[in-house]
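The structure appears right after this line, and notes come after that.
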Amino acid sequence: MKFNVRVIMKQFTKFNEKLQDWSGDVITTGGFNLGESKSNNFYDVLEVLQDYYDVEENDIDIDTSSDGQITYLTFSIVEDANGLPVPETDGEYLTDYFVVVEKTEIVPFVKN
């Protein structure tokens, strides 16, 4: 069984020069696949995230459903206009990443 780590959405918030905070325009885009995880265990998924982003366990917010199951993870990175990570003082956008893990498996074809 395989587990796909997927960014389901990115939300960019533009830095507001006038107010000097992250209250500018918000843009939302679709997602993309990051790669396969060994399992759906949080630490295995974190390992995949760390292949692409400089994030640690304490940088990740966990969203849970009413029954306590983890539904998705979020983390934020300050980026420039080209989408590259930069120090917060140089950033133009605060980018929120929403991440899920999908269970994938190969199934046989059906011909009717």
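Please treat every number below as a calculation from the coordinates, not as lab data. This structure is a prediction, so every number in the text was calculated from the model and none was measured. As a convention, Cβ positions derive from the backbone with ideal geometry for all residues, glycine included, and neighbour counts pool all protein chains shown.
Summary table
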read-out: The chain - percent relative contact order, Cα under 8 Å, separation 6 or more; value: 33 percent
read-out: Cut-off under 5 Å, modelled amide H: who pairs with Ile60 long-range; value: none
read-out: Rounded Å value of the spacing that divides the Cα centres of region 74-99 and region 3-61; value: 9 Å
read-out: Dipole axis of the chain (+1 Lys, Arg; -1 Asp, Glu on Cβ), positive-most option in Tyr93, Val55, Phe42; value: Phe42
read-out: Chain lengthening between Thr89 and Ser23 when straightened (0.36 nm per residue, less Cα-Cα); value: 22.2 nm
read-out: Integer Hz, Karplus 6.51/-1.76/1.60 couplings in order for region 9-25, x for Gly and Pro; value: 6, 10, 10, 9, 10, 6, 5, 8, 4, 5, 8, 6, 8, 8, 10, x, 4
read-out: Region 2-104 - convex hull of alpha carbons, volume per residue in Å³; value: 114 Å³
read-out: Net charge, Val5 excluded, C-beta distance under 12 Å - Lys, Arg +1, Asp, Glu -1; value: -1
read-out: 222 nm mean residue ellipticity, helices alone, for the chain (DSSP H n ≥ 4; -39,500 (n - 2.57); rounded to 500); value: -3000 deg cm²/dmol
